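Notes follow once the structure below has been shown.
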Amino acid sequence: MYKQEFYHPDTLLSEMLKQNYQLNMTLVLLDIKLGFCPRAKAKEVCAQHNVSVDLLLFICNMYSFDEYKTNDYPGSLPFDESLEYILRVNKYTQKEIFPYVKQEYKSIEGLLTVSQKNNLEKILADFLEVFNKFFVDFEEVTKEFLKTRERLNLLQTRILFEQIDEIIILIELMSNTLSKSQASSGNDESYNHFKYYLAFLMRGLPKHQRISKYALKPMFSE
């Protein structure tokens, strides 16, 4: 039973997108083509595209409502479909978001003092290194699980998700460093663009982590 204050199978998908335009990318990553009937319910669009409506609603509720928790969802999610979605999100972040973060850094590089530049470059390098390591580790443990169907032990599980915590700390450090640099050099619009991408990651990563932990429970030790 779905709680009525959140999206449910009879919610119009067009209304969901109107309330949170960022869900467009969720649909793309779930392989749902845009251009469906404005009066189509979530369950109808999912049926047409052979996508689990439970998975769609779990993801969309998690990204749209801060008060939505995993225990608001009444059941389990299809593992293989969930894993495919999560791997697509990881690849999208690597191929689309990372280049923008690097590009936005280049746009403010000339506004920084030598000290600010050295500091920010070190944090950015650490951020990219840890994030890339997480992607590689996640793909490796996924392949191993699909081969053996043996759960990750507690240490493996902790290490994997601690990497996300470390990434969030590095994003916060970058954002704070940017704010200090912006205050000393003037309110240049380039800073705001860079901070937008960092804020996007800050909002999305914890929710993506919760989705992964819940949807992929068969992989992880309790």
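The values are calculated or read from the model by the stated rules, or taken from the named source; none is laboratory data. Note that the structure is predicted; figures quoted are calculated from it, not measured. Quick reminder, even Gly has a Cβ in these numbers, built from the backbone with ideal geometry, and neighbours come from all protein chains shown.
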Does region 193-208 contain at least one residue that is surrounded by 14 or more Cβ atoms within 10 Å (Cβ to Cβ), of a type in the set (A, V, I, L, M), in contact with a Ser or Thr (Cβ under 9 Å, 6 or more places away or on another chain) and farther than 24 Å from P99 by Cβ? no
May I ask you to verify whether L124 is more than 16 Å from L198 (Cβ to Cβ), surrounded by 15 or more Cβ atoms within 10 Å (Cβ to Cβ), in contact with a Phe, Trp or Tyr (Cβ under 9 Å, 6 or more places away or on another chain) and among the hydrophobic types (A, V, I, L, M, F, W, C)? no
Given (1) touching a Phe, Trp or Tyr at 6+ places or on another chain (Cβ under 7 Å); (2) more than 24 Å from K217 (Cβ to Cβ), index of the condition N24 fails: (1)
I'm trying to understand the selection: among the residues of region 146-186, which are of a type in the set (S, T, N, Q), farther than 18 Å from E109 by Cα and over 23 Å from the mean Cα position of the chain (by Cα)? T148, N153
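The rows are residues; the columns are (1) at pLDDT below 95; (2) touching a Leu at 6+ places or on another chain (Cβ under 6 Å); (3) closer than 30 Å to F135 by Cα.
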residue: M1; (1), (2), (3): yes, no, no
residue: P9; (1), (2), (3): yes, no, no
residue: L13; (1), (2), (3): no, no, no
residue: V45; (1), (2), (3): no, yes, no
residue: N50; (1), (2), (3): no, no, yes
residue: C60; (1), (2), (3): no, yes, yes
residue: F65; (1), (2), (3): yes, no, yes
residue: S76; (1), (2), (3): yes, no, yes
residue: D80; (1), (2), (3): yes, no, yes
Hey, can you tell me all the residues within region 209-222 that are assigned to a helix (DSSP H, G or I) and surrounded by fewer than 19 Cβ atoms within 10 Å (Cβ to Cβ)? Q209, R210, K213, Y214, K217, P218
Counting only residues that are of a type in the set (K, R) and loosely packed, with under 14 Cβ neighbours inside 10 Å, which one in region 26-84 is farthest from the chain's Cα centre (by Cα)? R39
Pairing a residue in region 146-158 that is more than 19 Å from L87 (Cα to Cα) with any residue that is of a type in the set (D, E, K, R) and surrounded by fewer than 11 Cβ atoms within 10 Å (Cβ to Cβ), where Cβ atoms lie under 6 Å and the two sit 6 or more apart in sequence or on different chains, gives none
Quick one: what pairs do we get from region 111-125, first residue touching a residue at least 12 places away in the same chain (Cβ under 8 Å) and at positive phi, second buried (at least 17 other Cβ atoms within 10 Å of the Cβ) and in a helix (DSSP H, G or I), C-beta under 8 Å, 6+ apart or different chains? none
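Table: residues versus (1) over 29 Å from N61 (Cβ atoms); (2) in contact with a His (Cβ under 9 Å, 6 or more places away or on another chain); (3) modelled with pLDDT under 85.
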residue	(1), (2), (3)
R158	no, no, yes
Q163	no, no, no
I168	no, no, no
L173	yes, no, no
A199	no, no, no
